[in-house]
1. For segment B:115-136, how many residues meet the condition of being open to solvent by 10 Å² or more (accessible area, probe 1.4 Å) and away from chain A (no Cβ under 14 Å)?
2. Considering only segment A:46-68, I want to know if a residue exists there that is of a type outside the set (Phe, Trp, Tyr), in a loop (DSSP other than H, G, I, E, B) and either closer than 25 Å to residue A:121 by Cβ or at pLDDT 95 or above (or both).
3. If residue B:143 passes every condition in (1) within 20 Å of residue B:285 (Cα to Cα); (2) open to solvent by less than 10 Å² (accessible area, probe 1.4 Å); (3) in contact with a Gly (Cβ under 7 Å, 6 or more places away or on another chain) but one, which one does it miss?
4. Please list, ordered by residue number, the helices (runs of 4 or more DSSP H) wholly in segment B:254-372 having 2 or more residues that are within 14 Å of chain A (Cβ to nearest Cβ) and touching a helix residue (DSSP H, G or I) at 6+ places or on another chain (Cβ under 9 Å).
5. Name the residues in segment B:145-167 that are modelled with pLDDT under 90 and in contact with a Pro (Cβ under 9 Å, 6 or more places away or on another chain), would you?
6. Out of the residues in segment A:78-106 meeting the condition of being open to solvent by 30 Å² or more (accessible area, probe 1.4 Å), among the aliphatic types (A, V, I, L, M) and at the interface with another protein chain (Cβ under 7 Å from one of its Cβ atoms), tell me which one is nearest to the chain's Cα centre (by Cα).
7. Could you please find all residues in segment B:233-249 being loosely packed, with under 13 Cβ neighbours inside 10 Å and on the phi < 0 side of the Ramachandran plot?
8. When you check residue B:25 against the structure, is it within 11 Å of chain A (Cβ to nearest Cβ), closer than 18 Å to residue B:304 by Cα and crowded, with 22+ Cβ neighbours inside 10 Å, yes or no?
Amino acid sequence: MDALDRFVRRATLWLALLGFAGLLLLAVMTSLDALLRSAFSAPLHGVNDVSAVVMAVVIASCIPANLAQRRNIAVEVLGGVAGPRTHRILTLFAGLVVLAFFGVMAWKFIPYAEGMYLSGRRTWVLAWPVWPWWAAAALFLVFAAAVQALNVLQDVIALKGAFADRPSAVPQTRPLPEGDA
Amino acid sequence: MDPASVALIGFAAMFALIALHVPIGVAMGVVGLAGFASMAGWNAALTLLATEPASTMASLDLAVIPLFMLMGSLAAAGGLAKDIFATAEALVGHRPGGLAATTIVASAGFGAVCGSAVATTATFGRVALPEMLARGYSGGSSAGVVAAGGTLGIIVPPSSIMVLYAVLTEQSVLTMFSAAMIPALLSVVLYLSAIWIVARRNPALMPGTDKLPLRDRIRAIGRSWGAILLAIIVLGGIYSGIFTVNEAAAIGVVFAFLFALGRGKLNRQTFVEVLSDASVATVMIYVIVFGAMIFSYFVSLSGVSEEIIGGIDALGLPPAGVIFLLILVYLFLGAFFDEVAAVVVTLPFVLPIILSMGYDPIWWGILNVALIGVGMLTPPIGINVMLLNAMRSDISLSAIYRGIFAFFLADCLRILILAVFPQVTLWLPSIL
């Protein structure tokens, strides 16, 4: 279980890094386009096409890491006031809601990508087919839902440990991120 | 049940979920989905859960946010914050309040290359806070200065929250940035005045540094060439019309990357950290936008905004009274929510009110951002204060809140000026 957890979390990190490395490449392309256009009136064709399809994949690729690191903005005042057990119950509840949200989103993204395939939609300038990009985004969202399921499982184990009053049985969860309140 | 009642129940349910630790974006999305389904059916609602996130992820307007996030992370990794701090110290360090004034000026300068208040606070919590403590500043005063300076990260353009507001309200990002220039300057002047007053009243609290010879001061400006050039490229490119906002952000990313690389500050580990920080912070914003988009559909369909506008009309309050009430609501919300959440949660309700009273949405956007900045400093959960307390647990929350008090008064004055004189915000966009 621990090995699987480590593997999945490492995979989320690499996926996000890959996504943002793609964003860096996109920034280089956009810069070249802007500089060539303003200096030589010779823009690169289709940069906006690439941006529109790549951005969706970039964002989708970072969602699993965001969930793995539990970095969504949440107000955790109640749990802080009510004590560690209540905190764990609330964490589990919130985890289940997040799982439902991303699970349904991933489920609905599959027919969405399929719709792109069936309609044969292409980008305006480069005429790239759009569906592979959305299929990748859907795949990443399914992965994100799986990561969240793992989070929930971890929360269940943590809660069980807390109620068994065996602190050593409680797995380590990440500390609250700087951005959380 | 009539749609307006459903909307009010939905609003209460959203706050209940948020109180139960559900992330804000997810709480908005879930409630928006259920509310929309109760009026339009589950099929339509579930379709929204694919179409809205898809259009958000593919939006080229919103693509500016990850680019600015990446630029800010690369700028921090490249040591630009330290350069800006050294320059600001050479320029204003000898004045009353010395390093405190330096921190405010440097935070504003860093705000011009980083669009986030939390990132600005975290950066100067590492760069400026140890310097001030080492020079005899009290913990509360120094942390208070850093926390207040951090709010300049969202009021000095470019600012992620301004991009988000502009996209959600269908306003021009460029106009938002132009409108923020004078209020940002006003914020810096008022913060420096607050420091000057505190330092004059109690010089031991904020001692000044020695004045450097003119040659050294000019040399110190030269040390910040990277940050100055980056700000010129990004803001100059945007305002001159040479680049679009997206292009300027992309060029900013490439410049910050090459700068950090050229300086030898970007090894494999730092590069991974930069990408990881920027990606996770970006998704935090996108998840909130997913939820906000779905929630907005629900609110629009319910017609509750019209009911609220009707209710306000029935109260007979003058528009200024309504604005005053909204200011109080935002000060309250800002103390609980982060900068993005407070704006996004309220926008579907508040924007129609603002428009119905004939106010300019750009003016309200800037006032809104300024209000959120104040909320980030005020108890019980001023997020900048919490962050600094987490970074330096030896400085108590109460000490930081005491250190912030002078800046809070300066903020109140700023809000009053922005609310009473809309031309402070709207003049610059009108001539550009």
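1. So the answer is 7.
2. Looking only at segment A:46-68, we keep the residues that are of a type outside the set (Phe, Trp, Tyr), and these are A:46-68.
Cutting the leftovers down to in a loop (DSSP other than H, G, I, E, B) gives us A:46.
Going one step further and asking which of them are either closer than 25 Å to residue A:121 by Cβ or at pLDDT 95 or above (or both), we end up with A:46.
Taking every residue of segment A:46-68 in turn, at least one turns out to be of a type outside the set (Phe, Trp, Tyr), in a loop (DSSP other than H, G, I, E, B) and either closer than 25 Å to residue A:121 by Cβ or at pLDDT 95 or above (or both).
3. (1)
4. Values: elements: B:268-302, B:304-315, B:319-334, B:339-356.
Per the criteria, B:268-302, B:319-334, B:339-356.
5. Within segment B:145-167, none qualify.
6. Among them, the one singled out is A:104.
7. Taking segment B:233-249 as the starting set, the residues that turn out to be loosely packed, with under 13 Cβ neighbours inside 10 Å are B:240-241.
Once the filter is applied, which keeps residues that are loosely packed, with under 13 Cβ neighbours inside 10 Å and on the phi < 0 side of the Ramachandran plot, segment B:233-249 yields only B:240.
8. Values: within 11 Å of chain A (Cβ to nearest Cβ): yes; closer than 18 Å to residue B:304 by Cα: no; crowded, with 22+ Cβ neighbours inside 10 Å: yes.
No, not satisfied.
The values are calculated or read from the model by the stated rules, or taken from the named source; none is laboratory data. What you are looking at is a predicted structure, and each value in this text was computed from that prediction instead of being measured. Note that each Cβ is placed from the backbone with ideal geometry, even for glycine, and that neighbours are counted across all protein chains shown. Surface areas here come from the heavy atoms of the whole protein model, side chains and all, with no ligands, DNA or RNA. Shrake-Rupley method; radii C 1.70, N 1.55, O 1.52, S 1.80 Å.
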